[in-house]
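A.B. asks: Here's a structure for you.
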Amino acid sequence: MKKYSLVKKYIQPYIFIYFLAFLFEILSSALQMLIPIILGTTIDSIIGSEEPTNKIMISFINFLGGRDLVRERLGIIAAAFILISFSIALLNFLRPYMSGKATYTISKGIRDSIYAKISSLSIKDMASITTGDMLQRASSDITKFETMVSTTMMALMGNISYIVISLITLFTINFKLSLISVSLLPILFIGTFLFDRSVVKVFDEFEESEANLTTIVQENLSSYKVVRAFFKQKHEINKFEEASMDLANKDYKIMAYFAYFWSIAEFLCFLQIALIAIFGVIMHRSGSVSVGEFTAVFAVALNMVWVVLGTGRMLSRFTRVTVAIRRFDEVLEMDSEDLDSGVSDIDIKGEINFDKVSFSYDEAHDAIKDLSFTIEAGKTLGVLGLTGSGKSTLVSLIPRLMEYNGSIKVDGAELNTISKRKIRENTSIILQEPYLFNKTIKENIAYRWPDASDEEIIKAAKIADIHDDIMNFPDGYDTIVGEKGVSLSGGQKQRLAIARTILVHTPIIIFDDALSAVDTQTDINIRTALSQNEKAQTKIIISHRISTLMNADKIIVMKRGKKIQEGTHDELIREDGLYKTIYEIQNIEVD
Ligand code: ATP
Ligand code: MG
């Protein structure tokens, strides 16, 4: 089973515990068989008048001290009953306790490594998976696995051992009567197995509908502003009602399936029981079975019928655990991003040199094509370009979030020979769409450096021009942001993201349109504060706003992945081109 090798690693250490649990299961089944035997013995040796012919019963009576003694001392029987019941209870406690503990430890191991694996995937691999699918693997598949292993697998083994031991007991008590007692069981077993196979399909459909409904609710909750602004509540409600109806239909289908199944299955069970009773009476009349034996067979068979019914269902359901295991393995087999291979002992100052760099997300077209430019360490590069021209793509190549073609040199070393850890530690990027965690403002700012002192945090907030806003929040730096706390404006979010990024000084810092949501004055404040920073920093500033870029040492203009212009602000406003056009439009706006 090489296929499941990765998951097997987590299960292997617990094989012995499962084996022990299985032994307990067998022991408990064997003890349970004693109950009908005692019952039969009691009837034949105390209530009834006839001698039992069955060997097990006779030896059991002899074990207790003979028929006469048992008759005199009923307490012995009672004590045996209590002792056996107690032992069964103890075993029934120990077995799930042990196997359950093993199962939860195993699934914790799998869950943790799936999470670690997801966190270690490269951006490219992350983009190739869907969130819903991963969520399912890391949560509901794990739950399925837990239920399967701790409950179904154990119960299945228990049931099988119970059935085997019951059969042995039955046939030693009375062969002919036992044959009749199990005559309908094969039909019951196969029928249940087949039924469960088909009902699993209906369950899958149900789960699909359920997931669909969840997605609708989720989408609706996060898009409530759009829904209300566009006055689409009615449309959303209809969409929900449709999905809800679909779910109700599936629910009804399942209910109908089970109604048919149970009525037929129960009919078969009771028919089986009736057969035993009828043939038992006939056989007793002809003297081939004692009342005690009949009672014992009846009691064993009565239980077994229901166990057989359950086993058929479990067996078919058990195949589902292999599906879950395969899905875990698929995730665990994915390659983690290698952060450490490559050069790490270089001192990064921040000189960046692009030479004929190309990059494409798909084979169809290049997001970046033949791009060349140089920024000296400590200087500022401005990047202007229409939307979709490749600006974000360009800057994401620098922290090695994606692989490039051509050559990018950082301080003279080819970028893809520098370890990812090294370059990422030395680069900060303020993303176009900043993400804030559902935590306090302080924790959000200190995300990259959790041990930062309050002074450091406040200093970063002041540079990002957000300190005064924070002081106006109800709990200052301890105010929680996001769903459970205050809602921030777009500009506040951006400035908080800037504070988070500049808290740790890195030789290279990238602003991906990170000043777009703040007003011009705030923009100037932030850039002035940043330039007063005592340590040199290479800055790449992407912006649509000329005033943000005009002081840069060099500006490049992008169009459809290519550089179409390069120069300083003064040079660019003198040449005809996109830069000048945008400058003129924005100048008119300002005037
Ligand atoms: P904007 O000013 O709107 O932020 P941009 O200049 O930053 O635009 P990019 O995000 O770099 O543009 O996108 C460049 C091109 O690459 C676009 O055509 C875009 O559709 C495509 N692209 C961007 N991200 C991906 C991705 N993850 N997968 C596939 N194509 C992408
Ligand atoms: Mg962008």
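A.B. asks: Normalised by the number of residues in the chain, what is the relative contact order in percent for Cα pairs under 8 Å and 6+ residues apart?
C.D. replies: 15
A.B. asks: Starting from the Cα-Cα distance between ASP478 and ALA89, subtract it from 0.36 nm times their residue separation and give me the gain in nm to one decimal.
C.D. replies: 134.7 nm
A.B. asks: Follow-up. I'd like the distance between the alpha-carbon centres of the range 435-466 and the range 509-558, rounded to an integer number of Å.
C.D. replies: Going from one Cα centre to the other spans 20 Å.
A.B. asks: About its Cα centre, what dipole magnitude does the range 235-353 give when the only charges are +1 on Lys and Arg Cβ and -1 on Asp and Glu Cβ, stated in debye to the nearest 20?
C.D. replies: Taking the Cα centre of the range 235-353 as origin, the dipole is about 1560 debye.
A.B. asks: Here is a further query. Report the convex hull volume per residue for the range 336-444, counting only C-alpha atoms, in Å³.
C.D. replies: Residue-normalised Cα hull volume stands at 157 Å³.
A.B. asks: Taking LYS201 as the anchor, which lysines have their alpha carbon closer than 26 Å to its alpha carbon, excluding any fewer than eight residues away along the same chain?
C.D. replies: Of all the lysines, those that pass the test against LYS201 - Cα under 26 Å, at least 8 places apart if same chain - are LYS3, LYS144, LYS239, LYS250, LYS253.
A.B. asks: Also: Just to verify a number: FRET efficiency for LEU194 and GLU333, C-beta to C-beta distance, R0 = 25 Å, to 0.05?
C.D. replies: Here the calculated transfer efficiency is 0.15.
A.B. asks: Also, I was wondering about something else. How large, in percent, is the carbon and sulfur part of the accessible surface of the range 200-278 at a probe radius of 1.4 Å?
C.D. replies: 65
A.B. asks: Where in the range 359-394 does the amide nitrogen come within less than 20 Å of the point 7 Å from the Cα of LYS559, taken along Cα to Cβ?
C.D. replies: It comes to 359, 365-373, 382-394, nothing else.
A.B. asks: Helix-derived [θ] at 222 nm for the chain: sum -39500 (n - 2.57) over DSSP H runs of at least 4, divide by residue count, nearest 500?
C.D. replies: -20500 deg cm²/dmol
A.B. asks: Another question about this same structure. Ordered by packing density, taken as the mean number of other Cβ atoms within 10 Å over each peptide's residues, highest first, how do 94-105, 57-68, 234-245, 301-312 rank?
C.D. replies: 301-312, 94-105, 57-68, 234-245
A.B. asks: I've got another one for you. Given a 1.4 Å probe, how much area per residue of the range 425-479 is accessible, in Å²?
C.D. replies: 58
A.B. asks: Between helix 578-590 and the chain, what is the angle of the helix's C-alpha long axis to the longest principal axis, kept within 0 to 90° and rounded to the nearest 10?
C.D. replies: The helix 578-590 is inclined about 90 degrees to the chain.
A.B. asks: Run the paramagnetic zone check for ASP347: 7 angstrom along Cα to Cβ, then residues of the range 530-563 with backbone nitrogen under 14 Å.
C.D. replies: Under 14 Å, as judged by backbone N against the label point of ASP347, lie 536 of the range 530-563.
A.B. asks: Identify all aspartates and glutamates with a Cα-Cα distance to LYS108 below 16 Å; exclude those on the same chain that are fewer than 8 residues away in sequence.
C.D. replies: The reachable aspartates and glutamates, counting only those whose Cα sits under 16 Å from LYS108, are ASP141, GLU146, ASP329.
A.B. asks: For the range 17-168, what is the accessible area per residue in Å² when the probe is 1.4 Å?
C.D. replies: Counting only protein heavy atoms, the per-residue value for the range 17-168 is 51 Å².
A.B. asks: Sticking with this one: Can you give me the angle between helix 55-64 and the longest principal axis of the chain, using Cα atoms only, in degrees from 0 to 90, rounded to the nearest 10?
C.D. replies: 90
A.B. asks: Between ASN62 and LEU27, what is the label-point separation in nm under the 7 Å Cα-to-beta-carbon projection?
C.D. replies: It is 2.7 nm.
A.B. asks: While we're on this one: Keeping the other protein chains in place, figure out the carbon and sulfur percent of the accessible area of the range 384-446, with a 1.4 Å probe.
C.D. replies: Within the range 384-446, the accessible surface is 50 percent carbon and sulfur.
A.B. asks: Using protein chains only and a probe of 1.4 angstrom, how many square angstrom of GLU534 are accessible, to the nearest 10?
C.D. replies: Counting only protein heavy atoms, the figure is 140 Å².
A.B. asks: Put a dot 7 Å past each Cα toward the Cβ at SER487 and ILE17; how far apart are the dots in nm?
C.D. replies: 4.8
A.B. asks: Determine the share of the range 60-184's accessible area contributed by carbon and sulfur atoms, expressed in whole percent, with a 1.4 angstrom probe.
C.D. replies: Of the solvent-accessible surface of the range 60-184, carbon and sulfur hold 70 percent.
A.B. asks: May I pose another question? Using only Cα atoms, find the angle between the long axis of helix 490-502 and the longest principal axis of the chain, and express it within 0 to 90 degrees, rounded to the nearest 10.
C.D. replies: 90
A.B. asks: Rounded to the nearest 0.05, what FRET efficiency do ALA79 and ASP340 have when you use their Cβ-Cβ distance and R0 = 60 Å?
C.D. replies: Efficiency at R0 = 60 Å is approximately 0.30.
The values are calculated or read from the model by the stated rules, or taken from the named source; none is laboratory data. A quick note: this is a predicted structure, and the numbers were derived from the prediction, not measured. In this analysis, Cβ positions are derived from the backbone assuming ideal geometry, glycine residues included, and neighbour counts consider all displayed protein chains. These accessible areas exclude ligands, DNA and RNA; they are computed on the full protein's heavy atoms, side chains included. Shrake-Rupley method; radii C 1.70, N 1.55, O 1.52, S 1.80 Å.
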